[in-house]
1. Check whether at least one residue in segment 47-60 is of a type outside the set (Lys, Arg), in a loop (DSSP other than H, G, I, E, B) and at positive phi, and report yes or no.
2. Name the residues in segment 40-63 that are basic (Lys, Arg) and near the ligand (Cβ under 8 Å from one of its atoms), would you?
3. Could you list, in sequence order, the residues of segment 61-100 that are touching a helix residue (DSSP H, G or I) at 6+ places or on another chain (Cβ under 9 Å) and part of a strand (DSSP E or B)?
4. For residue 17, only one of the following conditions fails: (1) hydroxyl-bearing (Ser, Thr, Tyr); (2) closer than 18 Å to residue 129 by Cβ; (3) assigned to a loop (DSSP other than H, G, I, E, B). What is its number?
5. Before we move on, is residue 136 surrounded by fewer than 19 Cβ atoms within 10 Å (Cβ to Cβ), touching a strand residue (DSSP E or B) at 6+ places or on another chain (Cβ under 7 Å) and farther than 28 Å from residue 17 by Cα?
6. What about residue 142, is it under 19 Å from residue 15 (Cβ atoms), away from the ligand (no atom under 13 Å from the Cβ), without any contact (Cβ under 8 Å) to a residue 60 or more places away in the chain and not β-branched (Val, Ile, Thr)?
7. Among the residues of segment 64-75 satisfying the criterion of being surrounded by fewer than 19 Cβ atoms within 10 Å (Cβ to Cβ) and near the ligand (Cβ under 7 Å from one of its atoms), which is nearest to residue 36 (Cα to Cα)?
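Each reported figure results from applying straightforward, stated rules to the coordinates on display, with no laboratory input. Given the structure is predicted, the values throughout are model-derived calculations rather than measurements. Counting neighbours? That spans all protein chains shown, and the Cβs are built from the backbone with ideal geometry, glycine included.
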Amino acid sequence: MPRAVSLDLSSIWLFSTCSAKELRTVRRALDEVRAPAGTVLCEEGTVGREFFFIVDGRASVKRGGRKIAGLEPGAYFGELALLDRKPRSATVVADTDMVLLTMSQRVFTALLEEVPPLGRKLLAAMSERLRAADSKVTALISH
Ligand code: CMP
């Protein structure tokens, strides 16, 4: 059963440039859910229906069964399939019991329209991930 969000969203990087009014909109959009360790939160290759933000606990991102990243409180995942409407790019599994904030595809899409700072933060984080991936590729091909 989803619970109302009790967290101070303004202290979270993803929401830190939102106005008070925008934060109220974000708060209304999010549901707080708990997931026990071992829960598969996203499955590679499947249709994405939710965006997740980690309040507490840790998760692993796996591609082709191999761990490619670890996620901690403050991290989010599941945005890619909601943005490009393609299958999930990776599997995300809860390593510990977790507390998450979630949003459905419909709510996520509406929120991006209503709260522009959120879209800018997602783009900034995506740019950072692209730069890191580019650096890795460059290092690999120059060896
Ligand atoms: P999505 O493709 O919707 O579902 C799986 C999610 O895992 C993906 O969105 C990203 O949020 C996340 N993800 C995929 N690859 C990585 C990575 N290399 N580092 C961190 N998170 C990732």
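1. Within segment 47-60 (the criterion being of a type outside the set (Lys, Arg), in a loop (DSSP other than H, G, I, E, B) and at positive phi), the answer is yes, since at least one residue qualifies.
2. At the first step, the residues of segment 40-63 found to be basic (Lys, Arg) are 49, 58, 62-63.
Scanning segment 40-63 gives a single hit, 63.
3. Hit for segment 61-100 is 76, nothing else.
4. (2)
5. Answer is no for this residue.
6. Details: under 19 Å from residue 15 (Cβ atoms): no; away from the ligand (no atom under 13 Å from the Cβ): yes; without any contact (Cβ under 8 Å) to a residue 60 or more places away in the chain: yes; not β-branched (Val, Ile, Thr): yes.
Spelling it out, it is not the case that residue 142 is under 19 Å from residue 15 (Cβ atoms), away from the ligand (no atom under 13 Å from the Cβ), without any contact (Cβ under 8 Å) to a residue 60 or more places away in the chain and not β-branched (Val, Ile, Thr).
7. Applying the first criterion (surrounded by fewer than 19 Cβ atoms within 10 Å (Cβ to Cβ)) to segment 64-75 yields 64-70, 72-75.
Then keep just the ones that are near the ligand (Cβ under 7 Å from one of its atoms); that gives 68-69.
Values: 68: 21, 69: 19 Å.
Here the residue is 69.
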